[in-house]
Amino acid sequence: MLSGLISGAVLLFLTGPSYACDSVESLPGQNFDLMFAQNSAAVSVEQAKRLEAWVSKMLSQFPVREGVAVSGVAESAEIEPDELSVRRAESAQRLLMHFGLKQERYAVHSYVYQRMSIQDNENAKRAEITLLPGCSDHCC
C-alpha cells in the first residue's frame, strides 16, 4: 500500500509542471455605476468618458477576465420602467464592447427599483456593471 502511494506521488511530479494558486478565493468583482438622466437610456458625454477611463483601467489591471455582469435599472416612477431598464443595460453593454471589453462573457439583466420609503434616496437611474477578474493560471 505504501509503495503504491509513493509510486503515485512520483508519477504526479514526473508528469509535468504543477501550479500552486496564490489564493483559494476569487478576485473581487470591480464595480461601476453608469448613470442616466430621468426617463433616458442615452449616455451623456461625461458618463461615457468616465466609463471609458474605467474600462481602460480594467483592461490594464486585469488582462484575464472571467466575464461582465450588466444590470439596467430604472425607477418605478419613470416612463415604461421595465423597457427603460432593458435599454439602459443594452446601452451599457454596447459602450463596454466599444471601449474594448469585446471577448468577455456577458450576463445582462434588468430590473425596476422599488423605493422602500420616502427617505430612500437610492438613484436607480443607472446600469450596474461588475467586471469579474480572472487569474492567468485560472485557479484563484
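The values are calculated or read from the model by the stated rules, or taken from the named source; none is laboratory data. The structure presented is a predicted model; accordingly, all values stated were derived computationally and were not measured. Here the Cβ positions follow ideal geometry from the backbone for every residue, glycine too, while neighbour counts run over all protein chains shown. Accessible surface is based on the protein model in full, side chains and every heavy atom, while ligands, DNA and RNA are left aside. Shrake-Rupley method; radii C 1.70, N 1.55, O 1.52, S 1.80 Å.
The table below lists the values:
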read-out: Residue ID - least open to solvent (accessible area, probe 1.4 Å), chosen from residues in the range 120-138 that are out of contact with any Ser or Thr (no Cβ under 9 Å at 6 or more places or on another chain) and modelled with pLDDT under 95; value: ASP120
read-out: Complete set of residues in the range 56-106 that are open to solvent by 40 Å² or more (accessible area, probe 1.4 Å), under 18 Å from LEU131 (Cβ atoms) and assigned to a helix (DSSP H, G or I); value: SER56, LYS57, LEU59, SER60, GLN61, GLU90, GLN93, ARG94, MET97, HIS98
read-out: Residue count, the range 42-86 (criterion: of a type outside the set (Val, Ile, Thr) and within 17 Å of ASN123 (Cβ to Cβ)); value: 16
read-out: Those residues of the range 40-52 which are assigned to a helix (DSSP H, G or I) and surrounded by 12 or more Cβ atoms within 10 Å (Cβ to Cβ), in sequence order; value: GLN47, ALA48, ARG50, LEU51, GLU52
read-out: Filter result for LEU34 (within 13 Å of the chain's Cα centre (by Cα) and either part of a loop (DSSP other than H, G, I, E, B) or modelled with pLDDT under 90 (or both)); value: no
